[in-house]
1. Would you mind checking which residues have amide H under 5 Å from Lys22's amide H? H placed 1.01 Å from N; only 5 or more apart, or other chain.
2. Can you pull out the trypsin sites (Lys or Arg not before Pro) in the stretch 65-102 whose DSSP state is coil and whose Cβ has at most 15 other Cβ atoms within 10 Å?
3. Convert each backbone phi in the stretch 70-87 into a coupling constant with the Karplus relation 6.51 cos²θ - 1.76 cosθ + 1.60 (shift: θ = phi - 60°), then list the ³J(HN,Hα) values in order as whole Hz, x for Gly and Pro.
4. Could you give each residue of the stretch 23-39 its phi-based ³J(HN,Hα) in whole Hz, using Karplus coefficients 6.51, -1.76, 1.60 with θ = phi - 60°, and x for Gly or Pro?
5. Whole percent per 5 Å bin, from 0 to the bin with the longest distance: what is P(r) over all C-alpha pairs of the stretch 53-121?
6. Please give the charge dipole size of the stretch 27-121, origin at the Cα centre, charges +1 on K and R Cβ atoms and -1 on D and E Cβ atoms. Round to the nearest 20 debye.
Amino acid sequence: YHMKLIFTLLFTLTISIGYSQKVIPVEEAAKHEGEHVKICTKIYGTKYLETAKGSPTFLNAGAKYPNSPLTIVIWGDKRGNFKNKPEEYYNNKNVCITGKIIMFKEKPEIVVEKEEEIVVE
């Protein structure tokens, strides 16, 4: 029984470590839809659409909008999880983003819900 428990714990730990360590270049974000990745890049401009549905904040990762290879999205109901205004704090900074890539209108994005998922380098 103990061996089975130890094996399960080790297996789970190995999976979760491997899971969070996949680092990819921002330019390849679109090729990794549905994957949980880490991307380190610069934020080239931001936009907080306070009056839009869901009050999203957009961070353009890797290049200026509309040519950014990745968009980071922070929904209005998650802004309280950030000490600083994301559209000001992350603008023009080098960051590492961890999260799952989803496609929206054929463009890759990562929805970030807490500060730990986007770290300034």
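1. Lys38
2. Lys83, Lys93
3. For the stretch 70-87, the Karplus curve yields 8, 10, 9, 10, 10, 6, x, 6, 9, 4, x, 7, 10, 5, 10, 5, x, 5 Hz.
4. With coefficients 6.51, -1.76 and 1.60, one gets 9, 10, x, 4, 5, 9, 3, 5, 7, 10, 3, x, 9, 8, 9, 10, 10 Hz.
5. Bin by bin from 0 Å, the calculated values are 3, 17, 30, 29, 16, 4, 0.
6. Details: 15 positive and 15 negative charges, 46 e Å.
That gives the stretch 27-121 a dipole magnitude of about 220 debye.
Laboratory data are not the source of any read-out in this text; all were calculated from the coordinates shown. The shown structure was predicted, so the numbers you read here are calculated from the model rather than taken from an experiment. Every residue, glycine among them, receives a Cβ derived from its backbone with ideal geometry; neighbour counts consider all protein chains shown.
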